[in-house]
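Report on the following structure.
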Amino acid sequence: MAFRLRPQEPEFYDLFGEAGRNLVVAARLVQELASAPPAERAGVVERLREVEHAGDDVTHRILKKVNTSFVTPFDREDIYALASRIDDVLDLMEEAGDRVVLYDVDGLPAKTREVADVLLAASEQTADALPRLRSMKGLESYWIEVNRLENEADRLYRDMIGDLFRSGADALHVMKVKEVLDTLEAAADALEHVADAVQTVVAKES
Amino acid sequence: MAFRLRPQEPEFYDLFGEAGRNLVVAARLVQELASAPPAERAGVVERLREVEHAGDDVTHRILKKVNTSFVTPFDREDIYALASRIDDVLDLMEEAGDRVVLYDVDGLPAKTREVADVLLAASEQTADALPRLRSMKGLESYWIEVNRLENEADRLYRDMIGDLFRSGADALHVMKVKEVLDTLEAAADALEHVADAVQTVVAKES
Amino acid sequence: MAFRLRPQEPEFYDLFGEAGRNLVVAARLVQELASAPPAERAGVVERLREVEHAGDDVTHRILKKVNTSFVTPFDREDIYALASRIDDVLDLMEEAGDRVVLYDVDGLPAKTREVADVLLAASEQTADALPRLRSMKGLESYWIEVNRLENEADRLYRDMIGDLFRSGADALHVMKVKEVLDTLEAAADALEHVADAVQTVVAKES
């Protein structure tokens, strides 16, 4: 790595740390939702919405800091991209939960819980990695692990979609469940896009 | 606000003014479409397509001006983002109209007209706000009002989707209507994204 | 055109040339898939996935080169945008193929082959145009031709969707076929977005 002084901006790293922790809280709620009896779902989704609002707040603080700082620890556009992509993950987790309640989905496939487990594992990896942007160390293994988890989510998604279309369920049920599964799969993709944004930062510094 | 000279570039503000007025014209056509008898819909959508083309033309003129100007009144990337997001709104309004005709949708929910009213109100707010980029005044209230309107559109959307799935209508009808409603809801979101892009400009200048 | 020295960076143009050739290979596989008997589809999609991975690799090499080069032949953000948009085309072609196999679609409309022909023609135009970024010559006719082809793809799409909804087919079949057609139409749009990104570069240099 070329020797280069990065201005110390503790607050940027703190804000990304907070953003990472929000992802973990949201993923735990998705996990809870996947097992919750229908009567308790609305309450879980309400808490998911609160985490999503907390995430919006962190994003706005990061963007405000980018816009008002004379120097930033890495390129402004990369900070912006990273914050936006973390935001996308929270939006998608909240949207998936919201759809379960709005469509009053009965009978999510059992493997939905496994997808939720994968989302939680990838969120934990992300929350662990974001504070390491300070030292730029150990980020390669994070990127590899999130990619592996995304492949796992994709495999589960494909199994469930295949089963769903073969199930003989009526078309309206298929539409509802498919939209929930599509959104969870998009959340797994979005976690991979966060890791890609981290890689972009690492590539410039190395 | 820090004292800072912004280069006077009247044409940029004029072009954004024109872009704002296109939004209002398009929203009025969406409103007209929501009440039009089926036989008249194709004509309304044709006019919507013309407005969308006029919008493309304004966007190209803005981008060309960004690319050939030595100084710009605010950051190039923010001008680009703002123009693109206005373009997205027009695209989505046109797409919603287009879907109504292409799918030959019969029986749009009555509340579609209320969504069209909300889109028109948000478009008028935007058209009023864009010329105020020159003075950077009164933009906070615009942002708040568009956010309020987006929440209102979202509430209407959710009511209609809930009703649609409970209606006992056949799945093909649900698919068609849902896609039109999804696109109108995306247009309301896109108007909020325009307001967010305006806020980014305001945050840098204040 | 204002006289301006562009640094000679042969490898950038070579990489975009390679990216263009990948598009043509992928489009040929989409064409093959549109006529393949069901038993042979999975093999075609496997090859499509390999091309998509090869495309990812080219994109990463372009981004790495952007990040580590002191000078670039045109603006970094434009190189980034162009590489990303080419990537989007490959993703969508692969996704369309994947959906055909995952949903086990029987009876794609006959016009799907015509859409595949249009995608191949637009991909060939793109592969021809990308190396011309070096001289910046003959790119206007490319942009016009890709726009014409996108309109042709759109016309075919609309015909097929209209037919599909009027066909009396069951809703699950409509859902499956519509998603494949939507994805192919998005691939044609994405080829137009590549041409738009090329135009942005041309506009800055002229």
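The values are calculated or read from the model by the stated rules, or taken from the named source; none is laboratory data. What you see is a predicted model; the values in this text were computed from it and never measured. Reconstructed Cβ throughout: ideal geometry from the backbone, glycine too, with neighbour counts over all protein chains shown. Accessible surface areas use protein heavy atoms only, side chains included; no ligands, DNA or RNA. Shrake-Rupley method; radii C 1.70, N 1.55, O 1.52, S 1.80 Å.
At a glance:
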read-out	value
Any hit, segment B:177-197, residues being assigned to a helix (DSSP H, G or I), of a type in the set (S, T, N, Q) and under 21 Å from A:K64 (Cα atoms)	no
Residue satisfying condition, being open to solvent by less than 60 Å² (accessible area, probe 1.4 Å) and assigned to a helix (DSSP H, G or I), within set C:E140, C:E150, C:E114, C:E124	C:E150
Subset of segment C:170-192 [more than 14 Å from chain A (Cβ to nearest Cβ) and not charged (D, E, K, R)]	C:L181, C:L184, C:A186, C:A187, C:A188, C:A190, C:L191
Restricting segment A:64-81 to residues that are part of a loop (DSSP other than H, G, I, E, B) and β-branched (V, I, T), the residue that is farthest from the other protein chains (Cβ to nearest Cβ)	A:V71
Residue in segment B:180-198 that is touching a helix residue (DSSP H, G or I) at 6+ places or on another chain (Cβ under 6 Å) and more than 20 Å from B:L90 (Cα to Cα) present	no
Yes/no for C:E52 being charged (D, E, K, R), in contact with a Lys or Arg (Cβ under 9 Å, 6 or more places away or on another chain) and open to solvent by less than 30 Å² (accessible area, probe 1.4 Å)	no
Residues located in segment B:35-51, provided they are within 20 Å of B:N22 (Cα to Cα) and of a type in the set (A, V, I, L, M)	B:A42, B:V44, B:V45, B:L48, B:V51
Residue in segment C:153-169 that is surrounded by 15 or more Cβ atoms within 10 Å (Cβ to Cβ), out of contact with any helix residue (DSSP H, G or I) (no Cβ under 6 Å at 6 or more places or on another chain) and within 14 Å of chain A (Cβ to nearest Cβ) present	yes
Residue within segment C:57-65 that is farther than 24 Å from C:L184 by Cβ, over 19 Å from the mean Cα position of the chain (by Cα) and not acidic (D, E) present	yes
Identity of the residue in segment B:58-80, at pLDDT 90 or above and either closer than 19 Å to B:W143 by Cβ or among the polar types (S, T, N, Q) (or both), that ends up surrounded by the most Cβ atoms within 10 Å (Cβ to Cβ)	B:I79
Number of the exception - A:L181 against (1) surrounded by fewer than 16 Cβ atoms within 10 Å (Cβ to Cβ); (2) within 18 Å of B:M175 (Cα to Cα)	(1)
Flag for C:T200 being in contact (Cβ under 8 Å) with a residue 40 or more places away in the chain and open to solvent by less than 10 Å² (accessible area, probe 1.4 Å)	no
Counted residues, segment B:100-111 - those being open to solvent by 10 Å² or more (accessible area, probe 1.4 Å), within 14 Å of chain C (Cβ to nearest Cβ) and touching a residue at least 40 places away in the same chain (Cβ under 8 Å)	3
Test: residue in segment C:89-99 that is of a type in the set (V, I, T), open to solvent by less than 30 Å² (accessible area, probe 1.4 Å) and assigned to a loop (DSSP other than H, G, I, E, B)	no
Residues located in segment C:55-98, provided they are touching a Lys or Arg at 6+ places or on another chain (Cβ under 8 Å) and charged (D, E, K, R)	C:D75, C:D78, C:E94, C:D98
Where A:P109 falls short, out of the listed (1) part of a helix (DSSP H, G or I); (2) touching a helix residue (DSSP H, G or I) at 6+ places or on another chain (Cβ under 7 Å); (3) farther than 30 Å from C:V66 by Cα	(1)
Candidates A:S135, A:S84 - the one that is within 30 Å of A:S69 (Cα to Cα), open to solvent by 10 Å² or more (accessible area, probe 1.4 Å) and outside any helix (DSSP H, G or I)	A:S135
